Every structure is written in structure tokens, then in C-alpha cells.
1. Hey, what does the equivalent ellipsoid look like for the range 445-548, semi-axes from the Cα gyration tensor as sqrt of 5 times each eigenvalue, largest first, whole Å?
2. I'd like the distance separating the alpha-carbon centroids of the range 372-431 and the range 89-156, in whole Å.
3. Report the rotationally averaged projected area of the range 244-473 based on its alpha-carbon convex hull, in square nanometres.
4. If you scale each eigenvalue of the Cα gyration tensor by 5 and take the root, what three semi-axes come out for the range 76-204, rounded to whole angstrom and sorted largest first?
5. May I have the extent of the alpha carbons of the range 316-446 along their three principal axes, as whole Å values ordered from largest to smallest?
6. With just the Cα atoms of the range 249-341, tell me how far they stretch along each of the three principal axes, in Å, largest first.
7. Taking a cut-off of 16 Å, what percent of all Cα-Cα pairs in the range 484-536 are separated by more than that?
């Protein structure tokens, strides 16, 4: 008689045979399993006994080893999760390009991926907390997918690499903000490792002398936190066709505001050569890109340290505006101290530069601005806004506002509230101050209690949202220009795109119109605004229309 264990193994053998006949894609793996059973579980005596116990007339089972053919290369998948600013979004695009060059395909979830890259942000506490939570999820996933490669990129890789090693030893890669180009070599090291999953963490963090650090296979990290990035990061400038694109023109920041960690995670200001920027945008235009957004931590500080000499940001805008095919130019984020009259005049005279500026305020109190080392006063900021509105018709101005900076009094908070009501920003990114490691503000002892910060923030959000809704509804009855990006995600019978003032607009095409919905994608069209809410316009295509 055969034991229950042998009976189970024989049944498993027959299941493998069924897989081989029904699902050829798994055939090589099923055959490997069968041959493994022959070597370990199904001894000759057992197979002979099995044959003897077959029912009369049943086909004899063939237990001879099966040839194992070399399987075709299995598909490889990746997932990139992104937190933070537009610069991080651009970095994630670069990460994707490098992974796709290695043969990986993007997927929308962790479980389907062979590589997961978390592109992180350290500007505020909340996105950092989210990353730690996601690393916990990935730790659990790696228990069932031990070959999963997990990487951490972005600002947390710069500022928290020691803590990542301690709290998340399942992470394979830690990639600094200037070392995305090192990712392919780091993955190759993991693939070439004898174990297939190295126990040490591969790190690519910039040294003070070079931004092109070779990935390390041991934890020989620099002796101090806040390693400064000193060179222009290597990046891919040839990209797939897209209607809109981000283009970094500079990296880092020299302002060293007391609350901000960016100089420690992104390094000092470095400007890309003008010729490289123009060549990249010209290539995009040939591939169909119609809108570019120029990126920099202090984007209007561009050009101060170029080998060919100072190139003002305004002159760069003029040169980009000459590129055929580019219809719209945006930029973010400018720094108020560097917002010159020349720049305002250039925005006003160049048709391709959109009537939209995001100008970070932070607070509207001179004492706090001085403590933050912002380098401007409330009056300076007000003057910039007044000049922009006087010279650029219909311009939309948004801002950043931070409440609860250490020592902020109720009177100082009220100063900010009054300025917001007076200035009537089109929109604002509003947040409560959170201490950032190694910044001067984090060392202050007069931290504002969290409940006070939350209350102040809630009141500011209520005020600004009412202003935004009012300004948006004031556009009802007007015609706005929309660059059509595709069908609306919420209503397949509508099209969606952004206005020149960066308002998402959803619109329909009148019945009997001369164009189908899909034929308008990628076009710049006029839309009659029929409704508006906090975030969007709603309307109908204005016909007859000039197709631009």
C-alpha cells in the first residue's frame, strides 16, 4: 500500500501534468517541479507501485524525467510612488525612463511589481509619515515576494538615510536626489548578487566632491547628515511624446530659510546650461509637446553661476518663446526677492508665457519674514503683486502660506489673514509649520501648540476657499482658452484641459458640432464657462471656433 504522503505527491504529479497540457506558459515551471519530485519524493519503488495499483485499463503514468526548456524571459514590472513638488514628479519620470530602458513596464500597484521605488518629500512631516507607512506595507509584501526590489529616492533618501537603514532594512536601494542615473547599475548589482537579494543596502548619495557617486555595496556612508549635492544630475532628455512636460532648468537653493530643508536635500543652486535646456525643449516640440513648465526650487534665480556668464531668467523665457511648436510656457516656483521688473515686463510682452504665477508668501508679517530669512517685506511682496496685475491682464496669482511658525502670535496670524483677504489670491497652498531636522527653526523653543496651528489653518482655509470660489464664479459667462488633454475621468462625454490661468476645465461639444470629441484632444480651443466650483470650470465648446 502507498502512504498518504506518496499518494499526495502522485496527485500533485498529475496536477502538474494537467498544467502542462492546459497552460503552456507555466509548462517549464511545472516540469521543473516534476523533476524535483523524482529526485526527492517519488522513488522508483513508489512509481512502480503506483503503476501496479492503476485501475484496469487506466493509462500507464510516465515518470521519466521531462526535458526542461529554457523559458522565455518573464515580463518585468515596476511601480513608482511620488510625493512632493513638481521637481519630484519630474524625477519620477526620469526613474521611469531608466527602468523602462531596462525592460520594465509600469503597473499601478505594489503587488504586481518587481521593483517599487518611493520618491519621497521632506518639506513637511505628513508626506514623511506616509512614506514610513508605505515602507511598512512593503515590508509585509516582501515576506511573500522576497525577490521584490524596494528603493527609496528623493529628499528622504538624502535626509533620513540612516533612519531608513535602521527602520526599514528590507529596502534594497537608497538613491539621493542627484543620483537617479545610478539606479540601473544598482539594480544590476542586485541581480548579479549570489543570493539574488543582497543583505546590505545599496546607496547612491552624492559626496561633497562629486555628484556622480558609484553605488556602494556596503554601508560606507559619509560621516555627516545633510550631504550637499554639488553637480548637475545626469538625466535623460529624450522622452516619449507628451502634450505637456516639466523641464528642470536649475537645482538646489541658496536661500537657507530657517524652516526649510531643501538646501540640505537638493544642494546649492546650480543652473543647467542654456543650450542644453533649449535643445531639450526643441526635441520635445518636435515630438508634439505644446506646453512646458520650467522647474527650479527658486526658478527665477536661474543663470547666476553659468560658465558662459550670467543669463537672466527673463532672457531664457525669451529664447524658449522662439521655439516653434511650443504654445505655452509656465514656471515654478519663483522667489519673491528675485522677481525683477525685467521679469514682469517679459511676462507681459511674451504671448506664450501664461498669465499665471505661483508666488510663495509664507507669512504676511515683517518680523516673522525676517526671522525666516526670507529677504523681503510684506510691502515688497505687495508691490510685486500690484505690478503683475497692472501689466499682465487677467493674471492669476497663487501662493504658499504657512501658519504656526515658532513664536507666531495671534496678532501676527491676523496680519496674514488680513493680507490674504486684501490680496485676493486666486488659490493657495496652505499648511501648518512642521519642524524639519537640521533646520534653525526646529531648534526654537517657542513652538506653537498643535491645536493652535490646526485652528489657525482651518480658519485660513475657510477664508481662502471662499475667495477662490468667488473668483472662479466671476468667470461664468466668459470664454477661456483650454488646451485639451483628453476625456474627463468622471464623465466620458466631456473633455478636460487647463486654461492659461491653470484652471481645470471640463466641457461638452454641442450636438451637431463639426468635430468629434477625440479630434479635439491636443488642440487649443475656446470654451464658454457655464459653471464653476472651488477647483474647476464647467462649460461648452464655443463655436464657430478657430482651431489653433
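What follows draws every value from the coordinates through simple rules; no lab data is involved. Everything numeric here is computed off the predicted structure, so don't read it as measured data.
1. Working: eigenvalues 270, 37, 24 Å².
Square roots of five times the eigenvalues give 37, 14, 11 Å.
2. 35
3. Working: hull surface 51.9 nm².
The orientation-averaged projected area of the Cα hull of the range 244-473 comes to 13.0 nm².
4. Working: eigenvalues 77, 56, 41 Å².
The equivalent ellipsoid of the range 76-204 has semi-axes of 20, 17, 14 Å.
5. Principal extents (largest minus smallest coordinate, Cα): 55, 33, 22 Å.
6. Result, largest extent first: 42, 26, 25 Å.
7. Tail of P(r) above 16 Å: 37 percent of Cα pairs.
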